[in-house]
Amino acid sequence: MWGWVLVSCFSMAIALSTAELVSAFPTSGGYYYWSFMLAPHKHRRLACWMTGWMHVLSQV
C-alpha cells in the first residue's frame, strides 16, 4: 500500500512540474507547431498531418 502512495506522490510531482513548464507555451496549434519544427524538413507536412489525426483519434 505504501508503495502505491509513494509512487502516486512522485507521479503527481512530475505531472505538476510538467504542467508548469508546458503552461508557458501557447496551446493553439502547439501540437502542429512542435511536430513541424522537430520533424526533418522533408517530412514536416506529413508529421503535422499525422499529429492532427492522432489527436482527433485520441479524443474519440
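What the table shows:
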| quantity | calculated |
| --- | --- |
| Within the chain, helices (runs of 4 or more DSSP H) holding 2 or more residues that are modelled with pLDDT of 85 or more and among the charged types (D, E, K, R) | 44-59 |
| Residue satisfying condition, being touching a Phe, Trp or Tyr at 6+ places or on another chain (Cβ under 7 Å) and either in contact (Cβ under 8 Å) with a residue 12 or more places away in the chain or exposed (fewer than 10 other Cβ atoms within 10 Å of the Cβ) (or both), within set His41, His55 | His55 |
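The values are calculated or read from the model by the stated rules, or taken from the named source; none is laboratory data. Because the structure is a prediction, the values reported are computed rather than measured. Heads up, the Cβs are rebuilt from the backbone with ideal geometry, glycines too, and the neighbour counts pull from every protein chain shown.
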